[in-house]
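Taking it in order: structure first as C-alpha cells, then the write-up.
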Amino acid sequence: MTALPMAIRTTPQDTATPAPATRPADAHQVLERCRALVRPALAEAVGRLHPWVGEMAAYSFGWCEVGGTPAVASGGKGVRQALAVLGAEAAGAPGRSGVAAAVAVELVHTFSLLHDDIMDGDADRRRRPTVWKAYGTGPAVLAGDALFALAIETLAAQPGGAGAVRTLSGALGDLVRGQADDLLFAERPWTGPRRVRPDEYRTMAEHKTGALLGCAAALGAVLGGAAPETVTALDRAGRHLGIAFQIVDDVLGIWGDPRVTGKPVHGDLRERKKTFPVLVALGSPSGGRLAALLESGEEPDAAAALIEEAGGRSTALAEARRHIAAVETALAGVPLAARAAGELRSLLDFLVRRDV
C-alpha cells in the first residue's frame, strides 16, 4: 500500500516563548492523557441519569455489560474529546473549559451513534451488540435523547455556557443535514442527471463528520473566552479534518488492508455505498460500465480496478491532501500555545495517516 503523505509540519504562530525542541508528541499518549482528564467528569455526568438510561449509556461507552456488570470494552479512541481538550489548551483556555467541552461533545457523539445504528440497521459496534440490539429500539432512542439533553445541561452550567450551546446547536444542525443527505444519497441513481456529484458528497461529509469535529476543536475555546478568530480557525480546521478523514475512510473501505481497517476487502463496494472514489469514477467515460457492476453487487474486484483506472483513488487522495493543507492554514493563522498546538497536530496527523 502507498502511505498517504499528509503530515502536518508547519510551525504554529505563538505568543509564548517557544518550547525547547522535543520529540513530536505521540498521538496514542495524547489520546490517553485526554481520556484520563475527561473520564471522571464524563462518569459523573452519566451518573446523573435515570439508572436504567445510565446503564445503557455506560454500556455504549464500554464501561459495563447488559445488566450493569462492570466491563472493560473499547469505547472508542476518544478523538472528539481529545480535540476539545487540545483546542482549549491551544487557545489558552482554563483546563475546566476543555473538560466540560469534551464531556458535552462525547455525549453528543455517542447520542449520534446510538441513533445512527438504528437508522443504518447496524447490529454490532466495536465488536459488541449495538445498544438497540442489546436493549431494544425504543430504549436506545431514549438513551440517545438523554445523552443529548445531558450535553446541553453540561454546557449550560458553565460560565459562558450560552455561547457554547449556540456553537453546539449549530454543529448539530449541520450534522442532521449531513445525515439526511447521506440517507437520501442511497436512494438516488448511479448515473444520469440525478446522480450524486462529488461536490454534494463533500458538503455532506463536512456536515455529517466535519461539523462535530470542528465543534469539538472550538468548544473549549468558546467556554474559555478565546478570541472569535481563534474559535473560527479551530472550527474550520476540524471541519476540513472531517472531510479528509471521511475521504481517507472511503479509500480504505475499498482498498484498505482488513488487518488494519477491521473491514473485509472491498466491503464498501459489496454494500454499494456511494463513496467519494466511486462518485468520481462514475463521472468518467467508464461510468456506465461501473454503474452496472455496482448495481449488480457482483465482481467487486473488477469494480475496484475500474474505479482506480478512472482516477477515483488518486483524485480522492488528492482531495484529502487539499483539506489537510487547509487544516494547517487554519491553525497557522492564529496564535496558539506551542505544546498544545503540537499535540493537536500530532492527533490530526494520526487521524489521516493510514495505509491507503
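The values are calculated or read from the model by the stated rules, or taken from the named source; none is laboratory data. Remember, it's a predicted structure, so these values are computed and weren't measured experimentally. Cβ: placed from backbone, ideal geometry, glycine included. Neighbour counts: every protein chain shown.
Any residue in region 300-315 that is at pLDDT below 95, farther than 29 Å from residue 86 by Cα and not hydrophobic (A, V, I, L, M, F, W, C)? For region 300-315, residues at pLDDT below 95, farther than 29 Å from residue 86 by Cα and not hydrophobic (A, V, I, L, M, F, W, C): present. If the condition is being in a helix (DSSP H, G or I) and of a type in the set (S, T, N, Q), then region 286-306 contributes only 296. Residues that are more than 18 Å from the chain's Cα centre (by Cα) and buried (at least 24 other Cβ atoms within 10 Å of the Cβ) within region 236-268 comprise 254, 256, listed in sequence order. Looking across 216, 227, one residue alone is among the hydrophobic types (A, V, I, L, M, F, W, C) and buried (at least 24 other Cβ atoms within 10 Å of the Cβ). It is 216. Taken over region 80-113, residues that are among the aliphatic types (A, V, I, L, M), part of a helix (DSSP H, G or I) and more than 16 Å from residue 45 (Cβ to Cβ) amount to 6. Scanning region 25-69 for residues being assigned to a loop (DSSP other than H, G, I, E, B), over 18 Å from residue 346 (Cα atoms) and of a type in the set (A, V, I, L, M, F, W, C) gives a total of 4. Note on region 257-288: residues that are in contact with a helix residue (DSSP H, G or I) (Cβ under 9 Å, 6 or more places away or on another chain) and more than 19 Å from residue 197 (Cβ to Cβ) total 11. In region 75-114, which residue that is closer than 17 Å to residue 165 by Cα and of a type in the set (Lys, Arg) is surrounded by the most Cβ atoms within 10 Å (Cβ to Cβ)? The qualifying residue surrounded by the most Cβ atoms within 10 Å (Cβ to Cβ) is 80. Quick one: in region 189-242, which of the residues that are touching a Phe, Trp or Tyr at 6+ places or on another chain (Cβ under 9 Å) and among the β-branched types (Val, Ile, Thr) is nearest to residue 307 (Cα to Cα)? Only one residue tops the list, namely 196. When every residue of region 195-205 is checked against the conditions, at least one turns out to be over 30 Å from residue 160 (Cβ atoms), of a type in the set (A, V, I, L, M, F, W, C) and touching a Lys or Arg at 6+ places or on another chain (Cβ under 7 Å). Within region 41-67, residues that are touching a residue at least 60 places away in the same chain (Cβ under 8 Å) sit with their Cβ atoms under 6 Å from residues that are of a type in the set (Ser, Thr, Tyr) and surrounded by fewer than 14 Cβ atoms within 10 Å (Cβ to Cβ), at 6+ positions apart or across chains, in these pairs: 62/74.
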